[in-house]
Structure formats: C-alpha cells, structure tokens
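The block underneath contains the structure these notes are about, expressed in structure tokens.
The values are calculated or read from the model by the stated rules, or taken from the named source; none is laboratory data. What you see is a predicted model, and the numbers here were worked out from it, not measured in a lab. For neighbour counting, all protein chains shown are included, and Cβ atoms are generated from backbone atoms with ideal geometry for every residue, glycine included. Quick note on the areas: whole protein, heavy atoms, side chains included, nothing else; ligands and nucleic acids left out. Shrake-Rupley method; radii C 1.70, N 1.55, O 1.52, S 1.80 Å.
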Amino acid sequence: MIVELRRYTLREGRRDELIDLFDREFVESQEELGMAVLGQFRDLDRPDQFVWLRGFTDMSSRRAGLTAFYSGPVWAKHGPAANATMLDSDDVLLLREIVPIPVLDRGAANPETVLHATIWYWAAPSPASVPDSNEALAVLRTEYAENDFPRLPVRDEHALVWLSRSPLQTEVPAEVLKVESLRLSPTRRSTLHC
C-alpha cells in the first residue's frame, strides 16, 4: 500500500476545529472514493500540528482518488473551512508499507493512548530490509514513484518510518543522518490506535 504521512501546521488554537471538521466530513467521503484514512492524530509536542495517514492501493489509484476528491462536492463545500485553519499543508512523505499498518475499529480510539512515530532520514535510499523490532506496529519507507498529483506536493526525502506503541529502542544505523520522533494522540475516529 502507498501511504501519505501528512503533517499540517495550523493557525494557533484551531487544531480541534480542523479535527472536528475532518472526522465529520473527510473520512467516509475519501473512503467512498477508494482511499483509506488510516489514522488521525494530535502531535503532543506541537500543539498546532495535526498528523494523519492516508493510504492507496497503488499510485494510479492515488491519482484517481485524489482527483475525484479534490474536484468533488465534499471538498468544494468544506475545503475552504479546512484551509482556513492551516498555515502549511505541504509537509508530506510519500511512503510504501514494509510492515503493514494495522487497521482497528474506527471510533474505538482512546485519546489518552500514545502512538510513537520515529523517522530515520538517510542520504540515499534506505536498505530494503530493516532491523527487526518487536515494538513496531508498522514500518514504511519512501515511495520513489513520481508524484503524479502535483497539486499536493511531497517532500523529496529518503525516509524510513517506524510506528510503535512505545519509543523505538532499535539501534540507529550509522548511515542515518537525522532522527525525528513524534508522540501522537489518536483522534476519536482514528483506526490506528494503541
């Protein structure tokens, strides 16, 4: 599965406004078009950041789904309100699953739980195999196919992303240039939660 890891920087104090709108209007409307809304989160260390994961069967279904959604009636009606909460929506990694993201019951997330996302940035593509970690719920690496929906830019990074219930304890390879750690609290309707 192709996955977008999307991080939005929002106007001060408007994160819950976007989450309410997103959970009400943008989950089923995207899934009806063949996309998977895999998880929505509050970044616990950045109070004005909303993080979410969106999945696609492949790159051609990504292009078709995004085209249908962003030219469709739901985005036309609610997109301006969503955009009004945002300062930046272009912090996006385009990834491919190595260890698939588990999909749990929507509406069963406990916002008191914490999901940890650890991102390793490499100078070149990361190895195809990754160190074994019993802690990982999912592991994703950069998808190198061309972004065929340029209206939504993606970052040009060599990334390996670990999603886990606790901080990752796996040793960081010497070739990793930078490590980024996120502590994420699922929204009520997130299907990825601990």
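Here are the numbers:
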{"item": "Count - residues of the stretch 68-83 that are open to solvent by 60 Å² or more (accessible area, probe 1.4 Å) and more than 19 Å from the chain's Cα centre (by Cα)", "result": "5"}
{"item": "Residue count for the stretch 146-194, restricted to those that are touching an Asp or Glu at 6+ places or on another chain (Cβ under 9 Å), of a type in the set (Lys, Arg) and either in a loop (DSSP other than H, G, I, E, B) or open to solvent by less than 50 Å² (accessible area, probe 1.4 Å) (or both)", "result": "4"}
{"item": "Residue pairs meeting the criteria (Cβ under 7 Å; at least 6 apart or on separate chains; first hydroxyl-bearing (Ser, Thr, Tyr), in the stretch 20-47; second assigned to a helix (DSSP H, G or I) and open to solvent by 20 Å² or more (accessible area, probe 1.4 Å))", "result": "SER29/VAL74"}
{"item": "Filtered residues of the stretch 72-97 (kept if of a type outside the set (A, V, I, L, M, F, W, C) and assigned to a strand (DSSP E or B))", "result": "ASP88, SER89, ASP90, ASP91, ARG96, GLU97"}
{"item": "Test set (1) within 17 Å of the chain's Cα centre (by Cα); (2) open to solvent by 20 Å² or more (accessible area, probe 1.4 Å); (3) farther than 20 Å from ASP23 by Cα - PRO127 fails condition number", "result": "(1)"}
{"item": "Residue selected from the stretch 84-117 under the condition closer than 20 Å to TYR8 by Cβ and of a type in the set (S, T, N, Q), by the criterion surrounded by the fewest Cβ atoms within 10 Å (Cβ to Cβ)", "result": "SER89"}
